[in-house]
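Written out below as structure tokens is the structure these notes cover.
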Amino acid sequence: MKLKKEDLEYFQGLLQKQLDELVRGAGRTVDEMTFTEGNTAFPDPTDRASMESGRNFGLRIRDRERKLINKIKKALEKVEDGTFGFCEICGEPIDFKRLEARPVTTHCIDCKTSEEEEEKIRKM
């Protein structure tokens with residue numbers, strides 16, 4: 001079933017809110033990393049290694065968030081062009097509850113399940 005206008009507005013607002021939060025968080029991270037690196041001296045190599053490990057962890061999280069930001073932007077584009085909520089594989093509507101749980105999804109549950117099963121077989 002195609003999404004109603006109210007549903008599309010709901011998802012657009014949800015996606016925009018997520019996007020705004022992620023962008024704000026990324027800005028804070030850059031500020032924090034710049035401040036920490038410029039104001040900290042580590043005479044002990046263990047302390048320096050611990051700080052670097054934490055920094056690398058933070059960067060990995062930010063990279064995942066960057067990828068999510070791109071997915072959110074694509075989903076917002078789909079809302080605008082009227083293709084949001086349809087599976088990219090079979091073209092069928094994606095269940096509302098699935099979209100609510102993961103608004104950036106591009107596959108219905110059946111196609112996603114098949115894709116994951118094929119992936120599992122390829123890894124064997």
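Remarks
- Calculated mean residue ellipticity, 222 nm, the chain: -26500 deg cm²/dmol, from DSSP H runs (n ≥ 4) at -39500 (n - 2.57) each, averaged per residue and rounded to 500.
- Separation of the alpha carbons by more than 24 angstrom is noted, of K4/K74; K73/K97; K74/K120; K73/K112; K2/K123, for K74/K120; K2/K123.
- Derived scalar couplings ³J(HN,Hα) [region 48-60; Karplus, 6.51 cos²θ - 1.76 cosθ + 1.60; whole Hz; x for Gly, Pro]: 4, 5, 4, 5, 5, 4, x, 5, 5, 4, x, 5, 5
- Residues whose amide H comes within less than 5 Å of that of F86, counting only those at least five positions distant or on another chain, are I94 (H built at 1.01 Å from N in the peptide plane).
- Rounded to the nearest 20 debye, dipole of the chain from Cβ charges on Lys, Arg, Asp, Glu: 40 debye
- The chain, relative contact order [Cα under 8 Å, separation at least 6], %: 27 percent
- Here the Karplus curve 6.51 cos²θ - 1.76 cosθ + 1.60, taken at θ = phi - 60°, turns the phi angles of region 102-108 into couplings of 9, x, 8, 4, 10, 10, 5 Hz, with x standing for Gly and Pro.
No value in this document is a laboratory result; all are computed from the given coordinates. Computed from a predicted model, the values in this text were never measured in an experiment. When we count neighbours, we look across all protein chains shown, and the Cβ atoms used for this are built from the backbone with ideal geometry, even at glycine.
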